[in-house]
Amino acid sequence: MIAVIETTMSDLSHEAFNAGMLYQLHRAYPNEKIIYFCEKEQGKCVKRILDAHGCSENIEFSFIGHIYLEYNRQEIQGNKEEYVSIFQKCKNARFVMILSLEAVNSGLLKNLIRKFPNIKFGICIHGYIEEILPQNAVEFELKHGIVRSISIYRRKKKALAYFKNNLRAMAELPNCNIILYSDIYRKYKNCIEPSVYQNIKVLNLPYAFTYNKKSPETGKKFLIGIMPSSAAAKDQNCAKIIKYMIEHKERIRRPYHFVILNYDIGVYENVDYIRRPGRTRKDVEQFMEICDWMMIPYDENKYILSSSGVMFDAIEAERPFFALGSPSFIRAIEAGCGIQEESIEKLGAQIIRQINEENPGYERYRENIRKYKERMEKENTERLVEIFGK
């Protein structure tokens, strides 16, 4: 039996990636029973995705009572109670996969891994791992500095120190595997604790892909989609690119619009908003379907030790994307899935070119994306077996 545990995400949070992990584990271990421990609404969202792949019958769902996110005594204790209950059901598991490591569950997991030395553990980490990098530590200090809010600063700093200490301790355990969704970490060896660095295994961000998606309509406005998490509100990169397009509108020969789902960056020329309160996976799919391209404008300091979920949503929809300097896009760009530039000006010029030349090579991009999907699924199936054995 394989146990897969998610105690920090609910509803639509990471539902596509968690379903992807279950699907790819099933492909790697088709004869093993898989039990997914999760919040009830998350389970419903995940099951809908797995139903489309005909594999939900092979996966048993066991629901937990509550989701725990905050680093405080009450949340940590609640998380502990959930894990104690879970482990009564899976202490004989072949291996255990933890889908989201955060500060709130890091100490507890460290203790459980020590307590069950005969069980292999896979500890998956998403965006929180970025906080261990020096450039984010500086950013952290500026954002949560004492001048602004001493209580928030102290709480966040304490939580990060707690997480780093527990991560280091877990990495030193022989039955623990630290799983990241980016191989860029190798360039940051000097920034990562040696025990953590040596333990790291890499998977592609898991996704239960479907294929041969419908092409966008021809003869309409060129539509560039922006998803909420890619709106880059802090860096304002979306707004900067939109302003660049407005400033150079005399060079644009065809009608175009930016379309933004469930996010507001202000009123601009050629920007439309789609509001979907209580957004569902279907809303995301329908949004992607109307777009020609997606725009994911993260700079070089974003997504180094993790991967952009919006990029994988775009890949699932078979929509190419415009990207800035974030290193997490490099493999997909090299596979021909989109266009990446290092500056706002160069990326804006590339967007204008695609608009004016009516999407040159568009079907080639889509075919490259389909091949990239197959490659990522194959790689993950093989890597899971390498990590946990046949």
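The values are calculated or read from the model by the stated rules, or taken from the named source; none is laboratory data. What you see is a predicted model, and the numbers here were worked out from it, not measured in a lab. Counting neighbours? That spans all protein chains shown, and the Cβs are built from the backbone with ideal geometry, glycine included. The protein model used for the area step is the full one, side chains on, heavy atoms only, and it has no ligands, DNA or RNA in it. Shrake-Rupley method; radii C 1.70, N 1.55, O 1.52, S 1.80 Å.
Every residue, every condition in (1) at pLDDT 90 or above; (2) under 15 Å from Met9 (Cβ atoms); (3) of a type in the set (A, V, I, L, M, F, W, C); (4) within 24 Å of the chain's Cα centre (by Cα), yes or no:
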site: Ile59; (1), (2), (3), (4): yes, no, yes, yes
site: Asn79; (1), (2), (3), (4): no, yes, no, yes
site: Ala103; (1), (2), (3), (4): no, yes, yes, yes
site: Leu133; (1), (2), (3), (4): no, no, yes, yes
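Of the conditions (1) small (Gly, Ala, Ser); (2) modelled with pLDDT under 90; (3) assigned to a helix (DSSP H, G or I), Gly54 satisfies every one except a single condition; which number is it?
Status for Gly54: all satisfied but (3).
Take the conditions within 22 Å of Ile369 (Cα to Cα) and assigned to a loop (DSSP other than H, G, I, E, B) and apply them to Arg353. Does it pass?
In short, no.
Within the range 167-184, take every residue that is in a helix (DSSP H, G or I) and modelled with pLDDT of 95 or more and give me the one that is nearest to Leu112 (Cα to Cα).
Applying the filter and picking the extreme gives Met170.
So how many residues does the range 238-275 have that are in a strand (DSSP E or B) and either free of Cβ contacts under 8 Å to residues at least 40 places away in the same chain or over 19 Å from Arg319 (Cα atoms) (or both)?
9
So the check is Cβ under 6 Å with 6+ separation or different chains; which pairs have a first residue in the range 371-390 that's open to solvent by 40 Å² or more (accessible area, probe 1.4 Å) and a second one that's among the aliphatic types (A, V, I, L, M) and not in a helix (DSSP H, G or I)?
Hits for this filter: Arg383/Leu203.
Looking at the range 185-222, which of the residues that are open to solvent by less than 30 Å² (accessible area, probe 1.4 Å), closer than 20 Å to Asp283 by Cβ and at pLDDT 90 or above is nearest to the chain's Cα centre (by Cα)?
Result: Tyr207.
Out of the residues in the range 101-122 that are over 17 Å from Tyr68 (Cα atoms) and among the β-branched types (Val, Ile, Thr), state the one that is surrounded by the most Cβ atoms within 10 Å (Cβ to Cβ).
Ile113
May I ask you to say which residue of Tyr83, Tyr36, Tyr68 is among the hydroxyl-bearing types (Ser, Thr, Tyr) and modelled with pLDDT of 90 or more?
Of Tyr83, Tyr36, Tyr68, the one residue that is among the hydroxyl-bearing types (Ser, Thr, Tyr) and modelled with pLDDT of 90 or more is Tyr36.
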